[in-house]
Amino acid sequence: MIFLEGFLTSSASPIDTLSKNNDFQDVKHQLSGILKLGGYLNANSARTSFNSFKINGQLELGFGENLSLNIGVESHESWTNYSNDLNAVAEIRYFFDPIYKLKTGASFSGNYLAPSFSYTLNEGSLNELPFSFEDSPESNRPYETNYALGLKFGRQFQGFIDFGVFGGIENLQKRGQGSVNSGILKTYSYLALPIGNGDFNQLWKANLNQKVDNSYLLKFGVNDVLSVSKKGFFFHPKIAYEYGFGKSGLSVNLTAEAFNYRAKYLDVNDSEVSAESYLRQYILFFFSPELRYYVGHKGIEQGGSTLEGLYFKASAQVMTGTEEVKRQFWEYDKFSSFNMGLGLGAQKMLMGGMLLDAHAGIFNDNKLANNFFFGGGIDLYWVK
């Protein structure tokens, strides 16, 4: 979060001014490249199963305005990813709707299609599974990914923000029974610090100077939304609505999340592993009202929005859900919790209607042994 907040503000010229500058027109078909390093993190000290992160390093080479080669490595842990594997990725991208033209090379921005290949370098697993499931995910998972091949449809903004949908074939190692193939459909998102040549960096910094131009925001989360394959079904929609009260610096932010987690596991008893897997399902709902105070609202220009910058918050969260285990005998459990706390964060409109919200806080939950826990993260939203 510290790494990202260091460049949340920029004094560079707006994108509208740059678009009129001839230095950023008439792209020459020459080799160019950017290095992309970054990731994101969400953490909760009360339940480590809620923790997720992505760390990625990529090199993208542009061959003219429309074609690029993207290679790199990534490590990703989340419920929807169902693993913490280290993967190598290679893909050829065709930008059929390029934007932000440069004179000295590709801008690496726009809608694209990309044949994509990923290979698992090292297998890992989630820290734990939610709530009452005590078994180790690494020993209980019946499938491990060997490699995946398919097509990406995505949208990238200068390598800083990259998100879309991947569809294809995943080759899985079935425990004790060789490999099997499975169709896979999943969403993906990347947040990175791009490093390019002088013209690229100038345009990128100017693009960070986007502004919220109204008093409300409707936000749709793009991190870890969907994954469907033989491993299971994972669906995690997240939506938020924020409304600002004039020039007071105050706003109300309402967030709703849902999660449907359906995956198969093997019974493990000492060295014995069951021949057949069983289904475990979680259906969760979260609702979080939040009162924010943006500390820099007095410096906002006339007619501008106050929904950006550093803020203090008071928030609450209600969680409810069910857990089902379908072995020989069906098991079912209901759970709920309520917590509230204080924290701080920083919110910034980026480019292409994307919003970054980095936050942290301390919360109280009476069901916990020590009552208090820490939580926070980096959320990437598409704003309507």
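Among the residues making up segment 238-248, those that are over 22 Å from the mean Cα position of the chain (by Cα) and assigned to a strand (DSSP E or B) are Tyr243, Gly244. One residue alone among Phe133, Phe63, Phe96, Phe53 is over 22 Å from Phe163 (Cα atoms), modelled with pLDDT under 95 and hydrophobic (A, V, I, L, M, F, W, C), and that residue is Phe133. One residue stands out in segment 309-368 among those that are open to solvent by 40 Å² or more (accessible area, probe 1.4 Å) and acidic (Asp, Glu): the one that is nearest to the chain's Cα centre (by Cα), namely Asp333.
Looking across segment 322-338, the residues that are without any contact (Cβ under 8 Å) to a residue 40 or more places away in the chain and in contact with a strand residue (DSSP E or B) (Cβ under 9 Å, 6 or more places away or on another chain) come down to Gln328, Trp330, Glu331, Tyr332, Lys334, Ser336, Ser337, Phe338. When segment 107-125 is filtered for residues that are closer than 13 Å to Ala90 by Cβ, open to solvent by 10 Å² or more (accessible area, probe 1.4 Å) and not hydroxyl-bearing (Ser, Thr, Tyr), the ones remaining, listed by number, are Pro115, Phe117, Leu121.
Could you tell me whether segment 252-270 includes any residue that is exposed (fewer than 14 other Cβ atoms within 10 Å of the Cβ), not assigned by the TED database to the domain that holds Phe287 and not in a strand (DSSP E or B)? No; the residues of segment 252-270 include none that is exposed (fewer than 14 other Cβ atoms within 10 Å of the Cβ), not assigned by the TED database to the domain that holds Phe287 and not in a strand (DSSP E or B). Screening segment 307-333 for residues that are of a type in the set (Lys, Arg) and touching an Asp or Glu at 6+ places or on another chain (Cβ under 9 Å) and picking the one that is modelled with the highest pLDDT gives Lys313.
Could you pull out the residue among Thr80, Thr104 that is over 15 Å from Ile161 (Cα atoms) and either at pLDDT 90 or above or open to solvent by 40 Å² or more (accessible area, probe 1.4 Å) (or both)? It is Thr104. Quick one: is Ala275 free of Cβ contacts under 8 Å to residues at least 24 places away in the same chain and assigned to a loop (DSSP other than H, G, I, E, B)? In short, no.
The values are calculated or read from the model by the stated rules, or taken from the named source; none is laboratory data. The model shown is predicted, which means the values in this text are computed figures rather than measured ones. FYI the Cβ positions are ideal-geometry reconstructions off the backbone, even for glycines, and counts take in every protein chain you see. With ligands, DNA and RNA removed, areas are computed over all heavy atoms of the protein, side chains included. Shrake-Rupley method; radii C 1.70, N 1.55, O 1.52, S 1.80 Å.
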